[in-house]
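Participant: I have a structure here, written as structure tokens, and I will follow up with some questions on it.
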Amino acid sequence: MEELKKEKKSKIIDALLKNRSYLTVEDPLENELILNMGPQHPATHGVLRLVLRLDGETVIKGIAELGYLHRGYEKLAENMTYLEYIPHTDRLDYTSTMCNNVAYVLAVEKLAGIEIPKRAAYIRMIVAELSRIAGHLIAVGTFVMDVGAVTGFMWAFREREKIQEIFDRVAGARFTTSYTRIGGVASDFDDEAIAMTRKFIDEFLPALDEFEKLINTNKIFLDRVEGIGYLSKEDAIELGVTGPNLRGSGVEYDVRKAKPYLCYDEIDFKVPVYYEGDCLARYFVRLDEMRESCKIILQCLEKMPPGPILANDPKKVLPGKTEIYTRMEELIHDFMLVNFGMNPPEGDIFFSAENPKGELGFYIVSQGKGFPYKLKIRSPSFCNLQALEKIIQGAMISDVVAIIGSLDPVMGEADK
Amino acid sequence: MNVKILIIEKLKENFSESIEKIEEYRDDLSISINSEKLLQVCNFLKSDPELQFIMCKDITAIDWAKKDYRFEVVYHIYSFKLNYTLRLKTKIKDPDEGIESAYSVWQSANWYERETYDMYGIKFKNHPDLRRMYMPEYFEYYPLRKDFPLLGIPGSLPLPKK
Amino acid sequence: MGISCCAIEMMSAVDPKYDMSRFGSEVMRFTPRQCDLMIVAGTVTYKMSHVVRKIYDQMPDPKWVIAMGVCTSTGGMYRTYSVVQGIDQFLPVDVYVSGCPPRPENLINALLEIQKKVEKTKARDFQDAR
């Protein structure tokens, strides 16, 4: 095993040296250095390993190695029921946890053909947009911290704590919530939570203005970030990049407008697009998206109707607690659903939703049993990291840090 | 409705002998194609001016655990013009022989095919850099196949000593 | 060592609401050569375990380890082929923190436990290589 390890480890170095990039080096024996920006590094967001081939300080070619957080999600899904898998989807993109829950549950509902009540749809939208703000706050906060402005990180986290208090009130957990259920949501959005949300938005918009005033016109920040990491429109589409990275390069593609799910077609909001394609454009896209999310939340709070929060489909949806304790039929359904799972018809579907990082897609193949035959997660960070190898060619090594920060990968998602 | 009919008509007039099955389930169209003609179909779908399927969203495989044609490779491709996601499937007989890589058509197929090779063991011909993606290089098995247990095979991955 | 989801709660423990610098541990250095305490936060896979061990070996004596979250204590909710079922299989651990992820107050409690343990340890315990 030890000899096997040593012999096969050099495959990465072979791949690094094999394909020449478009840059030439006059004396390759003198200036070249192979640098390992290893899994444990303060600036790679999580456990991403980059092996770089440098000429002085310029990167000739870089190769990303993933797999340090591979937890076997797809194999796990083949052994669990659809309901048991919901806590696992929390930990995919762990910066915005509610969005993953919503996307997974929508995919299963598409497969099984369940309709959800209106109030549940609005609650899911509010929670997903709050989660989007939380995810973008981490992205922007760590991006400016990597570039040098550490204060931005502290201010972003201060706002994020308020969102986590709202989640604590509604779902019972600050962080990994598992709030949605197949057919609706787990508990209701009561009046105090609505008051907390309004108060949060009242305080958030001035705080965001203060943040922008501090950072956007700072000369050091602009020098470090403007013109760095250019990704052209055709390259972005060719490499499968989605989300704010694609919108920073000039393509107006947002799943909420292209294939509206939940009630997004009844809400009025804009999709911010910038055409420069560098790190600064992607940063501006995220800031603007946070403001649009606030608008969406306010409109949803106006339009939310009263009513039930779980669909009334006893063979597929778990009934409420009071009914289980008092009536016989609900008890039997609950037992069957928890132990054997709901049985959707045979077939396969692909469903995608708009996460803060990009487009999260689920491809589920069902053979009529309680657990899926195959579940594939199309994670946005995995596809965005593919573009990294193209962007860093020719950049300086200190720009690599800014580029990774602006692409914003989350390794829990990229490694599944 | 028109989008699906348009795609099916266009494919039938050019490649009618390689289409094996057309299925539709919950508003999703999926077309099964013979594995030899797959690359030509992909090139056609990308370059045709009315269809323009320029983004490849995902490539994966399914292990049916049958004797014949055990694996099936699934492609999801998207067209901005028609705003539609199409699914293409092909069955392959032998994973060691594999099928042609789609890297020449869409560059994003690079990492997707590496992941499929890592998890299922399906080799892709003419792929620029076919290495393992998630598992370490010296790992000998293919995790997502149905005969690999969930808990893993003890001893296949070494730990450092205490 | 911020590996996965617990790292976000570790960052929350340092932010203005659950300030960890009140208890005397403000400085989070980026190099292991100057540290006394290693907090392993996040799921450790077999591929990552060699890296964690390497960093532990780079720390100078005396050193302590906090295993944060259930993924590091016993493998957590991942009973699969690639996750190490508990980092005490290759590292000596001093304090285990449970929770998925543990609340920041829980992590600060663990820090105080380590401080109590440090008061009781004598330098003689670290003389043999561990």
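Participant: For the range B:82-100, check the following and say yes or no: at least one residue is touching a Cys at 6+ places or on another chain (Cβ under 9 Å) and within 11 Å of another protein chain (Cβ to nearest Cβ).
Facilitator: no
Participant: Separate question: May I ask you to list the residues in the range B:95-117 that are more than 25 Å from B:LYS66 (Cβ to Cβ) and touching a His at 6+ places or on another chain (Cβ under 9 Å)?
Facilitator: Listed by number, the residues that qualify are B:TYR103, B:ALA109, B:ASN110, B:ARG114.
Every residue, every condition in (1) under 23 Å from the mean Cα position of the chain (by Cα); (2) in a loop (DSSP other than H, G, I, E, B); (3) under 28 Å from C:ALA7 (Cα atoms); (4) of a type in the set (Phe, Trp, Tyr), yes or no:
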site: A:PRO42; (1), (2), (3), (4): yes, yes, yes, no
site: A:HIS45; (1), (2), (3), (4): yes, yes, yes, no
site: A:GLY62; (1), (2), (3), (4): no, no, yes, no
site: A:PRO87; (1), (2), (3), (4): yes, no, yes, no
site: A:TYR94; (1), (2), (3), (4): yes, yes, yes, yes
site: A:LEU106; (1), (2), (3), (4): yes, no, no, no
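Participant: Exactly one of (1) within 14 Å of chain C (Cβ to nearest Cβ); (2) part of a loop (DSSP other than H, G, I, E, B) is unmet by A:GLU74. Its number?
Facilitator: (2) is the only condition that A:GLU74 fails.
Participant: Just checking, how many residues over the range A:360-386 are away from chain B (no Cβ under 11 Å), under 18 Å from the mean Cα position of the chain (by Cα) and open to solvent by 10 Å² or more (accessible area, probe 1.4 Å)?
Facilitator: Qualifying residue count, the range A:360-386: 0.
Participant: Which residues, taken from the range A:210-224, are among the aliphatic types (A, V, I, L, M) and open to solvent by less than 90 Å² (accessible area, probe 1.4 Å)?
Facilitator: Residues of the range A:210-224 that are among the aliphatic types (A, V, I, L, M), as a first pass: A:214-215, A:220, A:222.
Listed by number, the residues that qualify are A:LEU214, A:ILE215, A:LEU222.
Participant: Looking at A:LEU298, A:LEU287, can you tell me which residue is assigned to a helix (DSSP H, G or I), open to solvent by 10 Å² or more (accessible area, probe 1.4 Å) and over 19 Å from B:ASN83 (Cβ atoms)?
Facilitator: Details: A:LEU287 fails: open to solvent by 10 Å² or more (accessible area, probe 1.4 Å).
Answer to the selection: A:LEU298.
Participant: Then there's this: State whether one or more residues within the range A:268-278 are open to solvent by 70 Å² or more (accessible area, probe 1.4 Å) and within 14 Å of another protein chain (Cβ to nearest Cβ).
Facilitator: Taking the range A:268-278 and keeping what is open to solvent by 70 Å² or more (accessible area, probe 1.4 Å), we get A:268, A:270, A:275-276.
From the residues that got through so far, the ones that are within 14 Å of another protein chain (Cβ to nearest Cβ) too are none.
No, the range A:268-278 contains no residue that is open to solvent by 70 Å² or more (accessible area, probe 1.4 Å) and within 14 Å of another protein chain (Cβ to nearest Cβ).
Participant: Another question, then. Before we move on, is B:LEU144 open to solvent by 40 Å² or more (accessible area, probe 1.4 Å), within 14 Å of chain C (Cβ to nearest Cβ) and not small (Gly, Ala, Ser)?
Facilitator: No: the conditions fail for B:LEU144.
Participant: Taking the stated definitions as given, is A:PHE221 among the aromatic types (Phe, Trp, Tyr), more than 25 Å from the chain's Cα centre (by Cα) and either at pLDDT 85 or above or closer than 27 Å to A:ASP146 by Cα (or both)?
Facilitator: Details: among the aromatic types (Phe, Trp, Tyr): yes; more than 25 Å from the chain's Cα centre (by Cα): yes; either at pLDDT 85 or above or closer than 27 Å to A:ASP146 by Cα (or both): yes.
Criteria met by A:PHE221.
Participant: Before we move on, is A:VAL410 under 27 Å from the mean Cα position of the chain (by Cα), within 14 Å of another protein chain (Cβ to nearest Cβ) and within 20 Å of A:THR142 (Cβ to Cβ)?
Facilitator: On the way: under 27 Å from the mean Cα position of the chain (by Cα): yes; within 14 Å of another protein chain (Cβ to nearest Cβ): yes; within 20 Å of A:THR142 (Cβ to Cβ): yes.
When the stated conditions are applied, A:VAL410 passes them.
Participant: Then there's this: Quick one: in the range A:166-196, which of the residues that are touching a strand residue (DSSP E or B) at 6+ places or on another chain (Cβ under 9 Å), small (Gly, Ala, Ser) and open to solvent by less than 10 Å² (accessible area, probe 1.4 Å) is nearest to the other protein chains (Cβ to nearest Cβ)?
Facilitator: Among those residues, the one meeting the criterion is A:GLY183.
Participant: Can you tell me which residue in the range A:324-354 is farthest from A:TYR85 (Cα to Cα), limited to those that are open to solvent by less than 30 Å² (accessible area, probe 1.4 Å), away from chain B (no Cβ under 14 Å) and not small (Gly, Ala, Ser)?
Facilitator: If we take residues in the range A:324-354 being open to solvent by less than 30 Å² (accessible area, probe 1.4 Å), away from chain B (no Cβ under 14 Å) and not small (Gly, Ala, Ser), then A:ILE324 is farthest from A:TYR85 (Cα to Cα).
Participant: A follow-up question, please. As an exercise: evaluate A:GLY227 against (1) more than 14 Å from every other protein chain (Cβ to nearest Cβ); (2) within 26 Å of A:GLY62 (Cβ to Cβ); (3) buried (at least 23 other Cβ atoms within 10 Å of the Cβ) and give the number of the one condition it does not meet.
Facilitator: (3)
Participant: Looking only at helices (runs of 4 or more DSSP H) that fall completely inside the range C:25-130, which ones have 2 or more residues that are at the interface with another protein chain (Cβ under 10 Å from one of its Cβ atoms) and either open to solvent by less than 30 Å² (accessible area, probe 1.4 Å) or not small (Gly, Ala, Ser) (or both)? Give the steps one after another, and end with the answer.
Facilitator: Numbers: elements: C:46-58, C:70-74, C:104-120.
Once the helices (runs of 4 or more DSSP H) in the range C:25-130 are filtered for at least 2 residues that are at the interface with another protein chain (Cβ under 10 Å from one of its Cβ atoms) and either open to solvent by less than 30 Å² (accessible area, probe 1.4 Å) or not small (Gly, Ala, Ser) (or both), what remains is C:46-58.
Participant: If only one of B:TYR103, B:TYR138, B:TYR112, B:TYR117 is touching a helix residue (DSSP H, G or I) at 6+ places or on another chain (Cβ under 7 Å), of a type in the set (Phe, Trp, Tyr) and under 28 Å from C:HIS50 (Cβ atoms), which one is it?
Facilitator: Working: B:TYR103 fails: under 28 Å from C:HIS50 (Cβ atoms); B:TYR112 fails: touching a helix residue (DSSP H, G or I) at 6+ places or on another chain (Cβ under 7 Å); B:TYR117 fails: touching a helix residue (DSSP H, G or I) at 6+ places or on another chain (Cβ under 7 Å).
Matching residue, one of B:TYR103, B:TYR138, B:TYR112, B:TYR117: B:TYR138.
Participant: Still on this structure, please answer the following. So B:ILE62 fits all but one of (1) away from chain C (no Cβ under 14 Å); (2) assigned to a helix (DSSP H, G or I); what number is the exception?
Facilitator: Only one criterion is unmet by B:ILE62, namely (2).
Participant: Answer with yes or no whether A:LEU130 is more than 20 Å from the chain's Cα centre (by Cα) and open to solvent by less than 10 Å² (accessible area, probe 1.4 Å).
Facilitator: On the way: more than 20 Å from the chain's Cα centre (by Cα): no; open to solvent by less than 10 Å² (accessible area, probe 1.4 Å): yes.
Spelling it out, it is not the case that A:LEU130 is more than 20 Å from the chain's Cα centre (by Cα) and open to solvent by less than 10 Å² (accessible area, probe 1.4 Å).
Participant: Looking only at the range A:108-123, filter to residues that are out of contact with any Cys (no Cβ under 9 Å at 6 or more places or on another chain) and assigned to a helix (DSSP H, G or I); which one of those is farthest from the other protein chains (Cβ to nearest Cβ)? Spell out the reasoning first.
Facilitator: Within the range A:108-123, the subset out of contact with any Cys (no Cβ under 9 Å at 6 or more places or on another chain) is A:108-117, A:119-120.
From the residues that got through so far, the ones that are assigned to a helix (DSSP H, G or I) too are A:108-112, A:119-120.
Values: A:VAL108: 12, A:GLU109: 10, A:LYS110: 6, A:LEU111: 7, A:ALA112: 10, A:ARG119: 24, A:ALA120: 20 Å.
So the residue we want is A:ARG119.
Participant: Can you work out which of the residues in the range B:1-57 that are among the hydroxyl-bearing types (Ser, Thr, Tyr) and open to solvent by 30 Å² or more (accessible area, probe 1.4 Å) is modelled with the highest pLDDT?
Facilitator: At the first step, the residues of the range B:1-57 found to be among the hydroxyl-bearing types (Ser, Thr, Tyr) are B:16, B:18, B:25, B:30, B:32, B:35, B:47.
Then keep just the ones that are open to solvent by 30 Å² or more (accessible area, probe 1.4 Å); that gives B:16, B:25, B:35, B:47.
Values: B:SER16: 78, B:TYR25: 82, B:SER35: 81, B:SER47: 85.
Step by step, filter the range B:1-57, then rank; the result is B:SER47.
Participant: For the range B:106-129, name all the residues that are more than 10 Å from chain A (Cβ to nearest Cβ) and assigned to a loop (DSSP other than H, G, I, E, B).
Facilitator: B:GLY121, B:ILE122, B:LYS123, B:ASN126, B:HIS127, listed by residue number.
Participant: Here is a further query. Which pairs have Cβ atoms under 7 Å, sit 6 or more apart or on different chains, and link a residue in the range A:342-365 that is on the phi > 0 side of the Ramachandran plot to one that is open to solvent by 10 Å² or more (accessible area, probe 1.4 Å) and of a type in the set (Phe, Trp, Tyr)?
Facilitator: From the range A:342-365, the pairs are A:GLY347/B:TYR25.
The values are calculated or read from the model by the stated rules, or taken from the named source; none is laboratory data. Keep in mind the model is a prediction, meaning the values are calculated, not measured. Virtual Cβ from ideal backbone geometry, glycine too; neighbours counted across all protein chains shown. The accessibility values were calculated without ligands, DNA or RNA, using every heavy atom of the protein model including side chains. Shrake-Rupley method; radii C 1.70, N 1.55, O 1.52, S 1.80 Å.
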